[in-house]
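Peer 1: Okay, here's the structure, questions in a sec.
The values are calculated or read from the model by the stated rules, or taken from the named source; none is laboratory data. Remember, predicted model here, so these are calculated numbers, not experimental data. All Cβ positions, glycine included, derive from the backbone under ideal geometry; neighbour counts span all protein chains shown.
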Amino acid sequence: MALDPHGTIGPTTAAPAATAAPAAKRKAGWAMVPVLLFLALSGLFLFALFAGDPQKLPSALIGKPVPQTEFAPLEGLVEGGKPVPGFSSADLAKGQLAIVNFWASWCVPCVQEHPLLIDIGKRTGIPVFGVNYKDAPDAARRFIGRYGNPYTAVGVDPQGRGAIEWGVYGMPESFLVDGQGRILYKHVGPFSRESLEKQILPAIERARATGTAAPR
């Protein structure tokens, strides 16, 4: 409001702008609704993945043959003076249990579980096949050189296409495969000492007891 020439109070020209301001705020508020919905849904997914039990994430591959994939060897990786081979799905159907482990040098949880992969191999005698995911070959070789090599074979998945075929959510993930090349068990996230004792080793023993793998 402002004084007119006669000294009385009258309306000012700012009134229309004042009226338009709340409308603009309401419009901006509605525009944020899709963003807030997206953030809420993303938060629920992350909570289920990390705060909940990641083993509850579904896998349509349990009980089915491993996907038809072929992983070329990790360039320059040598063990005992010989190149470490890559592998294909055919190598997982040769009459014995196997573990397929997706990993990467940039994956911090992979460092956590790596000693347990070595322990699994020593305690069970079953081969562990590694899939190096979207990694630089020199970084992958340094990782194995530093932490040890638990793998019978190490293939590479530079574009992540193999991981998509296997239904991998993130690094690391592991699969227990029977002697006929069928997926028996999927483990999302890194192995822990507890999951090793309560989930992985019992799954291996059950597979042996039901005759889905060759004896030791």
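Peer 1: What single numbered condition from (1) among the charged types (D, E, K, R); (2) touching a strand residue (DSSP E or B) at 6+ places or on another chain (Cβ under 7 Å); (3) under 24 Å from residue 206 (Cβ atoms) fails to hold for residue 157?
Peer 2: Checking residue 157 against (1) among the charged types (D, E, K, R); (2) touching a strand residue (DSSP E or B) at 6+ places or on another chain (Cβ under 7 Å); (3) under 24 Å from residue 206 (Cβ atoms), the one that fails is (3).
Peer 1: Output the residue which, of all residues in the stretch 96-131 that are among the β-branched types (Val, Ile, Thr) and farther than 16 Å from residue 185 by Cβ, is surrounded by the most Cβ atoms within 10 Å (Cβ to Cβ).
Peer 2: So the residue we want is 131.
Peer 1: How many residues does the stretch 79-95 hold that are surrounded by 15 or more Cβ atoms within 10 Å (Cβ to Cβ) and modelled with pLDDT under 95?
Peer 2: 1
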